[in-house]
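This report refers to the structure that appears directly beneath it.
The values are calculated or read from the model by the stated rules, or taken from the named source; none is laboratory data. Remember, it's a predicted structure, so these values are computed and weren't measured experimentally. No Cβ is skipped: glycine too gets one built from the backbone with ideal geometry, and neighbour counts run over all protein chains shown. These area figures cover heavy atoms from the full protein model, side chains too; ligands, DNA and RNA do not enter into them. Shrake-Rupley method; radii C 1.70, N 1.55, O 1.52, S 1.80 Å.
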Amino acid sequence: MVHWLPMESNPDVWNSFVASLGVESKWRFADVWGLDPDMLALVAQPVAAVILLYPISENTEKFGREKVAAAASQTSPSENVFFMKQTVGNACGTVGIIHALLNNAHRIDVGNTLKGFMSQCEGVSYDKRAKLLEDSEAIACKHRSAAETGQTAAPSAEEKVDLHFVAFVSVDGYMYELDGRKEKPVNWGPCADSELLGCAAKACKQYMACAPGDLRFTVVALSGES
């Protein structure tokens, strides 16, 4: 299995990464400092995606399985959802960023590197998309450069990391959780684009309830200039 350096949950690192990919500068990542309405009101709008970092535990894994089971009774994910599996170790941050950006490629100029990757992914399976990322030297190189610039010393590529990133996006009126460890997008229910931050905050709170008192959760929003 290919392993990359883990990327820390740091908007400055992520913004450096997406800038290197050529993503237009008016869309950038920022921390969400709280999930109550007063704190959410401080987040710049529009919000195109929300990414949650959470600690992997028995409780969060059980909750994830329950959400997958609940989503199975709903209609199939919209064909307009971009989703890929993750086969590169420690790449969940980059997979989350890719999910955030490519599900908004209709309104965000994601740059030539990701446009080319998205073109390669057209009409192929979720697993094949994972292999395309694994084989992408351009994205791997930019990931590595960004991961090395974090505020904390990056663990080795082979070190086991018990934290995981998932992305939340709104597509065709529904909020989807995109997790490369799962088989397909998880539908969380109706959610307009303008409601995404609030809908995602509710989802994040449910994950946090699985590990009360654990301080390793972080929430980051992909926001644009209004």
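List of remarks:
- Cys with no candidate disulfide partner in the chain (beta-carbon separation under 4.7 Å rule): Cys92, Cys121, Cys141, Cys204, Cys210
- In straight-distance terms, cross-link reach from Lys202 covers every one of the aspartates and glutamates whose alpha-carbon lies under 19 Å from its own, apart from those fewer than eight places away in the same chain; here that gives Asp31, Asp36, Asp38, Glu61, Glu66, Glu177, Asp179, Asp193, Asp214.
- Projected label distance in nm at Arg144 and Tyr126, using a 7 Å step from Cα toward the beta-carbon: 2.9
- Karplus-derived HN-Hα couplings along the range 29-35 (A = 6.51, B = -1.76, C = 1.60, θ = phi - 60°), whole Hz, x at Gly and Pro: 8, 8, 5, 9, 8, x, 10
- Charge-dipole axis of the chain as Lys and Arg at +1 and Asp and Glu at -1 on Cβ define it, positive-most pick from Ala91, Leu114, Ala69: Ala69
- Taking amide H as placed 1.01 Å from N in the peptide plane, the amide H of Val32 sits under 5 Å from that of Val219, Val220, Ala221, each at least 5 places away or on another chain.
- With protein chains left intact and a 1.4 Å probe, residues in the range 57-126 average 47 Å² of accessible area per residue.
- Projected onto planes of every orientation and averaged, the convex hull of the alpha-carbon atoms in the range 45-155 covers 9.0 nm².
- When peptides 88-100, 13-25, 206-218 are ranked by their average number of other Cβ atoms within 10 Å per residue, the highest-first order is 88-100, 13-25, 206-218.
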